[in-house]
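Taking it in order: structure first as structure tokens, then the write-up.
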Amino acid sequence: MGNVLELIDIRKSFGEELVLNHLSLSVPEHTATVLIGASGSGKSTLLRCINLLESIDDGRILLDGDEISDPLINVDAVRRKLGMVFQSFNLFPHKTVLENITLAPIKVQGKNKEEAIESAQKLLRRFDLADKADQYPDRLSGGQQQRVAIIRSLACNPRLLLLDEITSALDPVLVNEVLSIVRDLKSDGMTMVLATHEMGFATQVADEVCFLESGNILERGSAQEVLHDPKNLKTKEFLKRVHEAGRI
Amino acid sequence: MSERNNSAWSPSSREAERAIARKRISRKQGLIAATSSIFVIGTLIAIVLSSPGWEVVKKTFFNIDYGREVLPTVFAGLWINLQLTFIGGACIGVIALGLALMRTTKSPALTPFRFLATAYVDIFRGAPLILIILLVGFGVPALRLTGISSNVIFLGTVAVVLTYSAYVAEVIRSGILSIHPSQRAAARSLGLTSGQTMRYVVLPQAIRRVVPPLLNDFVSLLKDTGLVSILGVTDAVRAAQINSSRTFNYTPYVVAAVLFLLITIPMTRYTDRAIRQRTNAQNSEGSI
């Protein structure tokens, strides 16, 4: 089982502020890596760097062994292999659910329209959204919008799925309908890197949990090790605060 | 679901009392509004009609028979203004979109065009339209270039298009810049190129957002086509001028003004409505 993604000694700063520092991480195929940590610990920046939405200052990022941090790389070709889901959904408000999902398959992958629509409808049926195909995003609940956003990334058959706090903007009762999709994807063998504050969910899906603090991974290991028996003092402190907030 | 069913609802007796009270209040308010309007407007009309100069004013500006006589020529002139507006408007739309795209591009190969577009917008937005009309309308024929028409209608249109393209380009550009970067991030992370992102994601939303200000510019365009009359184009303004300079009566100008107003007032009302709908839609867009 090879590594889909490998991050080697990544450094990233915004001006004076060092956001990622000597960060290394390997993501084997069919595994889910969960990033936890306080806001500002660098989780989102890390995901955006993998997606090349941000450029790194130093280090190397390998996708299937190819260095994608090379400035000469075709970023569009790299992003075709990556799916990304955002905290604020970012659906295209002027397009229907179906159009949101089929845009990239048609324009990027060059599929013909019927084929793209058919596979989009298959995905919508699978996740109980078939009746929403012709609706505009503003007619949907937050949970439905986020599920559509996930389907939109899946429609491109990504090699690796990046999920950036996908339930943070949701009502607590809507969180589960989104997380259950991710559980499904996990059991399908999708390779994922996800940032989340849902510790219970992290326990269920994570093959590896990484605790980020000031741009570095302070502790890593299985969910059992990191979330239930943390060694590092800062991890303990963070989990205690999460626990007090009732999110565990 | 039963609580959501509204058809089975009948108001309580308390609500019925309140409905009667509300109706009484609104009837009273309507009466006050009507009385005050009749009083104020009636007084204004009385003052105007009873003032010593009214007869002269009426004869010089509101001579109905003379107005009827010049109406066909002024109306024929207005037809020129309308043609200029629609043909010019189409050209402006295309050029302005090109300028806006050039100004927002980050592609290194297009860098010189970005500078040129910025310079163009600075110049034509900053110079008075009437100067551009004089420069193009009188200056270009003086060059005696072969192949360039010296038709004043054509040159007048070119001048208006040059200036308005700069205005409209800025409106479209502001629309492009108003689209949240997260939309671009979402499109790029799906693998769309920056060109595809602009074409399928940013521009459709941007244009929708700027329709109301564009309608405003369209109304201004119609009015400003009147300026080409200085080149000798017999538009509505010029037709009115010819007539009134012959008779020293200013009714033709009023006729021209009324004709313009008949078009522009409905258009501005429509624009206001479009802006209101746009604002409502944006407020309900939530986190998107």
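The values are calculated or read from the model by the stated rules, or taken from the named source; none is laboratory data. Keep in mind it's a predicted model, so treat the numbers as computed, not measured. As a convention, Cβ positions derive from the backbone with ideal geometry for all residues, glycine included, and neighbour counts pool all protein chains shown.
Table for the structure above
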{"item": "Residue selected from the range A:144-166 under the condition away from chain B (no Cβ under 11 Å), within 11 Å of the chain's Cα centre (by Cα) and outside any strand (DSSP E or B), by the criterion surrounded by the most Cβ atoms within 10 Å (Cβ to Cβ)", "result": "A:166"}
{"item": "Enumeration of residues in the range A:43-67 that are of a type outside the set (Lys, Arg) and within 18 Å of residue B:185 (Cα to Cα)", "result": "A:44, A:45, A:46, A:47, A:49, A:50, A:51, A:52, A:53, A:54, A:55, A:56"}
{"item": "The one condition in (1) over 16 Å from the mean Cα position of the chain (by Cα); (2) farther than 21 Å from residue A:48 by Cβ; (3) surrounded by fewer than 18 Cβ atoms within 10 Å (Cβ to Cβ) that residue A:77 fails to fulfil", "result": "(2)"}
{"item": "Number of the exception - residue B:213 against (1) without any contact (Cβ under 8 Å) to a residue 40 or more places away in the chain; (2) under 29 Å from residue B:171 (Cβ atoms)", "result": "(1)"}
{"item": "Flag if residue B:191 is free of Cβ contacts under 8 Å to residues at least 40 places away in the same chain and on the phi > 0 side of the Ramachandran plot", "result": "yes"}
{"item": "Helices (runs of 4 or more DSSP H) contained entirely in the range B:149-253, each with at least 3 residues that are closer than 30 Å to residue A:157 by Cβ and at pLDDT 90 or above", "result": "B:181-189, B:203-224"}
{"item": "All positions within the range A:13-49 that are in a strand (DSSP E or B) and among the small types (Gly, Ala, Ser)", "result": "A:13, A:24, A:26, A:32"}
{"item": "Subset of the range A:1-25 [surrounded by fewer than 15 Cβ atoms within 10 Å (Cβ to Cβ) and of a type in the set (S, T, N, Q)]", "result": "A:24"}
{"item": "Test: residue in the range A:227-242 that is within 15 Å of the chain's Cα centre (by Cα) and surrounded by 18 or more Cβ atoms within 10 Å (Cβ to Cβ)", "result": "no"}
{"item": "Residue in the range B:167-190 that is among the small types (Gly, Ala, Ser) and either under 26 Å from residue B:137 (Cα atoms) or away from chain A (no Cβ under 14 Å) (or both) present", "result": "yes"}
{"item": "Any hit, the range A:81-95, residues being surrounded by 17 or more Cβ atoms within 10 Å (Cβ to Cβ) and either more than 13 Å from chain B (Cβ to nearest Cβ) or part of a helix (DSSP H, G or I) (or both)", "result": "no"}
{"item": "Candidates B:20, B:32, B:25, B:92, filtered to the one that is within 30 Å of residue B:121 (Cβ to Cβ) and in a helix (DSSP H, G or I)", "result": "B:92"}
{"item": "Test result for residue B:97, surrounded by 11 or more Cβ atoms within 10 Å (Cβ to Cβ), over 28 Å from residue B:262 (Cβ atoms), within 31 Å of the chain's Cα centre (by Cα) and touching a residue at least 60 places away in the same chain (Cβ under 8 Å)", "result": "yes"}
{"item": "Residue that is farthest from the other protein chains (Cβ to nearest Cβ) [pool: residues in the range A:101-143 that are within 26 Å of residue A:173 (Cβ to Cβ) and among the charged types (D, E, K, R)]", "result": "A:125"}
{"item": "Residue that is nearest to residue A:31 (Cα to Cα), among those in the range A:180-213 that are charged (D, E, K, R) and surrounded by fewer than 18 Cβ atoms within 10 Å (Cβ to Cβ)", "result": "A:207"}
{"item": "Qualifying residue in the range A:91-111 (condition: in contact with a Ser or Thr (Cβ under 9 Å, 6 or more places away or on another chain), touching a residue at least 24 places away in the same chain (Cβ under 8 Å) and among the aromatic types (Phe, Trp, Tyr))", "result": "no"}
{"item": "Members of the range A:140-191 that are more than 22 Å from residue A:47 (Cα to Cα) and at pLDDT below 90", "result": "A:171, A:172, A:173, A:174, A:176, A:177"}
{"item": "Residue A:98 vs. criteria away from chain B (no Cβ under 14 Å), closer than 27 Å to residue A:12 by Cβ and among the hydrophobic types (A, V, I, L, M, F, W, C)", "result": "no"}
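For every residue, the table says whether it meets (1) loosely packed, with under 10 Cβ neighbours inside 10 Å; (2) in contact (Cβ under 8 Å) with a residue 60 or more places away in the chain.
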{"position": "B:31", "(1), (2)": "no, no"}
{"position": "B:34", "(1), (2)": "no, no"}
{"position": "B:43", "(1), (2)": "no, no"}
{"position": "B:50", "(1), (2)": "yes, no"}
{"position": "B:55", "(1), (2)": "no, no"}
{"position": "B:71", "(1), (2)": "no, yes"}
{"position": "B:85", "(1), (2)": "no, yes"}
{"position": "B:88", "(1), (2)": "no, yes"}
{"position": "B:93", "(1), (2)": "no, yes"}
